[in-house]
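Asks: Sharing a structure, written as structure tokens. Questions coming.
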Amino acid sequence: MYRIQIPATSANLGAGFDALGLALSYYNYVEIEESDTVDIKSLDDTAIPEDESNLVYESAKTLYDICGKPLKGLKIRQENNIPMARGLGSSSACIIAGLVGANTLMKEPLSLDDLVNLSAQIEGHPDNTAPALLGGIVTAVFDGKNVHWVKQEVFTTLKFVVVIPDFELKTEKARACLPKEISHKDAVYNLSRAALFSASLLTGKYENLRTAVDDRLHQPYRMELIPHAAEVFDTAYSLGAYASYISGAGPSLMAIVDNDNRFFCGKMRFALDRMGLKSWQVHELHIDNIGTRII
Ligand code: HSE
């Protein structure tokens, strides 16, 4: 039985649509071992498929198939802390858990690069899967088959304060509202900011982050799917956040905050309560530089 810890992820980071993502200190845990039957259970009150359609199982089975190893079944126990369909990489966490679990059970036939590629092929884009596996901030280009990536560890005390709405937003819906084409000017607007984000985060030029998270590819369209998003962003900035952006496809909203801004979380909680959003959660997270590991 192996126990795997998989971090949540925040993709896009504003302008880096489908290209940038980072891992956060918020974890799912999956226990996995070979079994004669398909035996899947949730260890908390999260409802998960308990048959072969379970994403952890499906991903593990894909790897067994690739390696040509027959699989009778798997015993899987899941502790799901990362909320589903909230823009925090819950499905990537399942995919990575299945792939890393199967790879470990088979004594690592696939390399790290193979796992990065396979996870992106399953998910369709690499900006959650790659940081979930690798940790840190990952810059990734997916050419449809392979992922060309760089993982960088981020040595910072910055807080990533996530505001999690009480409703789901499926990635398919959040992608369906995006325009098919954009202007040359908007392309330049985004690529310059995506590059600025990584460089600024890694060198400590945090005053650039507010400009860096602005984008014209997805957030203006997705804001309409997330009631109160504009108010939450305004609140984050009025409380001194360096930057605030939609995490992944949403609906979670991220604020990047200096470690010295000690009461940010409490003040955000208070502001949400006053907006009538008592059921929305607030968590203070940090960048996870390790990624998925067997514990
Ligand atoms: N880059 C993706 C999107 C992340 O924004 O749709 C969600 O998986």
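The values are calculated or read from the model by the stated rules, or taken from the named source; none is laboratory data. Remember, it's a predicted structure, so these values are computed and weren't measured experimentally. Counting neighbours? That spans all protein chains shown, and the Cβs are built from the backbone with ideal geometry, glycine included. Surface areas here come from the heavy atoms of the whole protein model, side chains and all, with no ligands, DNA or RNA. Shrake-Rupley method; radii C 1.70, N 1.55, O 1.52, S 1.80 Å.
Asks: Looking only at region 80-129, which residues are open to solvent by 10 Å² or more (accessible area, probe 1.4 Å), in a helix (DSSP H, G or I) and either within 16 Å of the ligand (Cβ to nearest atom) or within 29 Å of residue 223 (Cβ to Cβ) (or both)?
Replies: Across region 80-129, the qualifying residues are 90, 91, 94, 121, 122, 123, 128.
Asks: Within the group 178, 225, 209, which residue is within 16 Å of the ligand (Cβ to nearest atom), closer than 19 Å to residue 248 by Cβ and open to solvent by less than 40 Å² (accessible area, probe 1.4 Å)?
Replies: So the residue among 178, 225, 209 that is within 16 Å of the ligand (Cβ to nearest atom), closer than 19 Å to residue 248 by Cβ and open to solvent by less than 40 Å² (accessible area, probe 1.4 Å) is 178.
Asks: Something else now. Out of all the residues in region 51-59, is one or more surrounded by 15 or more Cβ atoms within 10 Å (Cβ to Cβ) and assigned to a strand (DSSP E or B)?
Replies: no
Asks: Then there is this: Take the residues of region 262-295 that are farther than 29 Å from residue 136 by Cα and without any contact (Cβ under 8 Å) to a residue 24 or more places away in the chain: which is most open to solvent (accessible area, probe 1.4 Å)?
Replies: Per the stated criteria, the residue is 274.
Asks: On to the next question. Tell me, which residue of region 130-147 that is touching a residue at least 24 places away in the same chain (Cβ under 8 Å) and more than 17 Å from the chain's Cα centre (by Cα) is most open to solvent (accessible area, probe 1.4 Å)?
Replies: If we take residues in region 130-147 being touching a residue at least 24 places away in the same chain (Cβ under 8 Å) and more than 17 Å from the chain's Cα centre (by Cα), then 145 is most open to solvent (accessible area, probe 1.4 Å).
Asks: Being touching a Lys or Arg at 6+ places or on another chain (Cβ under 8 Å) and not in a strand (DSSP E or B) is the filter here; which residues of region 68-79 pass it?
Replies: Listed by number, the list holds a single entry, 71.
Asks: Taking the condition of being near the ligand (Cβ under 9 Å from one of its atoms) and either over 10 Å from the mean Cα position of the chain (by Cα) or surrounded by fewer than 24 Cβ atoms within 10 Å (Cβ to Cβ) (or both), how many residues in region 1-19 meet it?
Replies: Result for region 1-19: 4.
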